[in-house]
Amino acid sequence: MGNPIILFAISLLVNFFSKILLNENELILQSIADIYTREQIEGFIDFKNKWQWLGYTFIPLLLLLKTSIIAAILDVGCFFFGKEIKYKKLFNIVVKAEFVFLLVIVFKTAWFYFFQTDYTLEELQYFYPLSALNIIGYEGLQPWFIYPFQVLNLFELAYWFILAYLIGKELNENTDKGMSIVASSYGVSLLIWVVGVMFFTLNMS
């Protein structure tokens with residue numbers, strides 16, 4: 001499945017049903033009930049209901065931006081290894097790999113809907129299935145350490161292997177060559193991104 005339209009459509013549906021099943025709106029209102037007046041909360045609800053559609057339009061836009069950037073990064077990686085794959089094919093490879101992250105939302109929704117049915121907004125925000133953060137817990141952890149521990153997860157690992165396998169297949173070489181390209185381009189870029197987020201969080205906290 002390398003069609004970005006299918007990826008965007010499924011992402012919208014999964015996010016939409018996740019918000020409904022997990023009552024995210026109710027959790028948000030509960031979290032601000034002690035901070036704002038009733039009139040302010042009602043105004044917030046009206047504003048949120050009016051512009052809710054705008055939030056969903058950002059999902060495909062952000063996915064398009066993400067897949068385009070990662071495809072460009074992998075293109076650079078191929079160049080440094082003296083390999084050539086057309087950008088369109090790299091983009092399709094990234095789109096196919098991106099489907100694995102939809103499972104994150106599915107797993108998260110299933111966990112809170114069937115198992116941990118009593119939860120707070122904070123628990124919902126910090127939960128990332130099959131991640132290092134879920135092993136060590138976020139309580140007592142410095143805020144700037146939360147994101148990197150979320151990134152250390154099995155879905156991210158699966159994403160790397162899917163990219164490596166598909167790139168190796170496109171080059172008619174083994175997965176090791178694909179992994180070398182992924183690690184030296186996407187891996188380095190991801191590390192820079194995580195460090196940037198940590199630095200930003202540290203300065204904001």
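The values are calculated or read from the model by the stated rules, or taken from the named source; none is laboratory data. Quick caveat, the model's predicted, so the values are computed rather than measured. Cβ coordinates were reconstructed from backbone atoms using ideal geometry, including for glycine residues, and neighbour counts include every protein chain displayed. Surface areas here come from the heavy atoms of the whole protein model, side chains and all, with no ligands, DNA or RNA. Shrake-Rupley method; radii C 1.70, N 1.55, O 1.52, S 1.80 Å.
Computed from the Cβ-Cβ distance with R0 of 30 Å, the FRET efficiency linking ILE35 to LEU64 stands at 0.25. Once each part is reduced to its C-alpha centroid, what is the distance from the stretch 156-171 to the stretch 119-145 in angstrom? Comparing the Cα centres of the stretch 156-171 and the stretch 119-145, I get a distance of 28 Å.
One decimal place: the segment ASN203-LEU152 gains 16.1 nm when fully extended, by the rule 0.36 nm per residue minus the C-alpha distance. Seen from VAL106, the other residues with C-beta closer than 15 Å to its C-beta sum to a net charge of +1, counting Lys and Arg as +1 and Asp and Glu as -1. Between LEU141 and ASN3, the modelled labels are 3.8 nm apart [label points 7 Å from Cα along Cα→Cβ]. Within straight-line reach of LYS177, meaning a Cα separation under 25 Å, sit the following lysines at least 8 residues removed in sequence or on another chain: LYS66, LYS83, LYS86, LYS88, LYS89, LYS96, LYS169. The gain in end-to-end length when the ILE28 to THR120 segment is fully stretched comes to 32.2 nm, 0.36 nm per residue minus the alpha carbon separation.
In the chain, taking the dipole from charged Cβ atoms about the Cα centre, the farthest positive-side position among TRP144, LEU163, ASN15 is held by LEU163. For LEU21 and LEU191, the difference between the fully extended length at 0.36 nm per residue and the C-alpha to C-alpha distance is 57.9 nm.
So what is the 222 nm mean residue ellipticity for the chain from helices alone, if each DSSP H run of at least 4 adds -39500 (n - 2.57) and you divide by all residues, rounding to the nearest 500 deg cm²/dmol?
-24000 deg cm²/dmol
With every protein chain left in place, what is the accessible area per residue of the stretch 86-160 in square angstrom, probe 1.4 Å?
I get 56 Å² per residue for this part.
Note on the chain: along the principal axes its Cα atoms extend 62, 37, 34 Å, ordered by decreasing extent.
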